[in-house]
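The block underneath contains the structure these notes are about, expressed in structure tokens.
The values are calculated or read from the model by the stated rules, or taken from the named source; none is laboratory data. Since the structure is predicted, the reported quantities are computational estimates derived from the model, not experimental observations. Methodologically, a virtual Cβ is constructed for each residue, glycine included, from the backbone with ideal geometry; neighbour enumeration extends over all protein chains shown.
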Amino acid sequence: MDESGFLLVPSVRRTWALRGKTPILKVAGRWTKISAISALSVSPKRRRIALYARFYKDKNIRSCEAAGFLRHLLRHIQGPIVLLWDSGTIHGGTPVKEILAKHSRLHVYRFPGYAPELNPDEFVWNNLKGRLANSVPEDASHLKRLLGSPLARLRQSQKLLWSCIYASELPWK
């Protein structure tokens with residue numbers, strides 16, 4: 001499980017253009033953002049993988065949103081849940097602690113202090129942000145709509161989802 005954010009200011013990547021015609025991206029000019037939280041779920045026999053995600057317009061993800069996302073996972077995933085996440089402060093807030101105390105099927109393991117290379121969800125964010133590169137959303141609603149297609153593509157592709165797991169430096173074997 002991990003959190004990230006998407007800004008109206010586009011991430012600029014190398015692209016094609018006519019010689020002498022440098023592409024110009026006109027930015028909406030605001031630092032509005034969409035905060036996101038997601039988790040990859042691997043089936044017990046490692047046959048299937050799923051992506052769960054939620055987005056919040058103009059709102060930082062805090063402990064309440066993390067607890068809400070944990071409740072979402074508990075509703076949709078049967079059996080024990082092994083949760084790998086970083087040591088972010090939002091993961092230690094009272095609402096999260098209450099969820100963890102109440103649901104014994106949640107087993108939490110924390111990544112070391114700063115180790116994004118271990119977190120498969122970081123590769124989910126890299127994929128989505130790469131798909132949005134050079135796009136110029138008009139506002140947060142437009143940005144959320146732009147996220148829809150790449151998110152659906154990622155969710156529907158077992159190959160892409162597994163690549164997020166294998167790209168991480170988790171000892172998977």
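Observations on the model:
- Taking the criterion of being touching a residue at least 40 places away in the same chain (Cβ under 8 Å) and either within 13 Å of S63 (Cα to Cα) or of a type in the set (D, E) (or both), the residues of segment 85-124 that qualify are D86, G88, I90, E117, D121, E122.
- Subset of segment 37-57 [closer than 19 Å to L151 by Cβ, touching a residue at least 24 places away in the same chain (Cβ under 8 Å) and not hydroxyl-bearing (S, T, Y)]: I37, A39, L40, V42, R48, I49, A50, L51, A53, F55, K57
- Residue that is surrounded by the most Cβ atoms within 10 Å (Cβ to Cβ), among those in segment 58-84 that are closer than 24 Å to R46 by Cα, under 16 Å from the mean Cα position of the chain (by Cα) and touching a residue at least 24 places away in the same chain (Cβ under 8 Å): L70
- Selection within segment 136-169 - surrounded by 15 or more Cβ atoms within 10 Å (Cβ to Cβ) and part of a loop (DSSP other than H, G, I, E, B): V136, P137, S168
- Number of residues in segment 90-120 that are assigned to a helix (DSSP H, G or I), touching a helix residue (DSSP H, G or I) at 6+ places or on another chain (Cβ under 8 Å) and not hydrophobic (A, V, I, L, M, F, W, C): the value is 7.
- Pick from segment 7-55, criterion touching a Pro at 6+ places or on another chain (Cβ under 6 Å) and surrounded by 14 or more Cβ atoms within 10 Å (Cβ to Cβ), ranking: modelled with the highest pLDDT: L40
- Residues that are out of contact with any His (no Cβ under 9 Å at 6 or more places or on another chain), in a strand (DSSP E or B) and over 17 Å from N119 (Cα atoms) are absent from segment 58-76.
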